[in-house]
1. For the range 37-92, what are Rg and Dmax over the alpha carbons, in angstrom?
2. Given the Cα-Cα distance of Leu51 and Arg77 and 0.36 nm per residue of separation, how much length would full extension add, in nm?
3. May I ask you to give the solvent-accessible area per residue for the range 52-92, in square angstrom, as obtained with a 1.4 angstrom probe?
4. Per residue of the range 54-71, in order, report the coupling 6.51 cos²θ - 1.76 cosθ + 1.60 (Karplus, θ = phi - 60°) as ³J(HN,Hα) in whole Hz, putting x for Gly and Pro.
Amino acid sequence: MKQAAAAKTTPTTSGDLQLGAGSVALTFLDTTWRIATPVVLFTFIGIYADLHLGTKPWLTLLCVVIGFAGAVLLVKRQLEAVANVEKAEKKK
């Protein structure tokens with residue numbers, strides 16, 4: 001059991017936190033949904049609104065921009081959380 005925990009996160013001699021392959025893959029998947037979901041969701045909302053309101057392509061473009069802004073905020077929060085975990089690990 002201790003070996004599994006050690007495989008996930010192994011501190012190096014320089015004090016940096018080194019992630020195992022599984023943790024890195026999960027981090028990439030977590031980041032991927034944070035980018036893709038708002039962009040795709042708002043794009044479909046924009047397309048739907050454009051088709052029903054006849055404003056092609058303006059609402060779609062606006063919603064894509066809103067989706068990208070949402071993705072940036074989600075990734076920023078994720079990076080802040082990772083930085084907070086690393087700070088807590090360094091204090092130990």
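The values are calculated or read from the model by the stated rules, or taken from the named source; none is laboratory data. Remember, predicted model here, so these are calculated numbers, not experimental data. Only protein heavy atoms, including side chains, enter the accessible area calculation; ligands, DNA and RNA are left aside. Shrake-Rupley method; radii C 1.70, N 1.55, O 1.52, S 1.80 Å.
1. Spelled out, the Cα radius of gyration and Dmax of the range 37-92 are 17.2, 59 Å.
2. Working: separation 26, 0.36 × 26 = 9.36 nm, distance 3.36 nm.
Here the segment from Leu51 to Arg77 would lengthen by 6.0 nm.
3. 82
4. x, 10, 3, x, 5, 5, 5, 5, 4, 5, 5, 4, 4, x, 5, 5, x, 5
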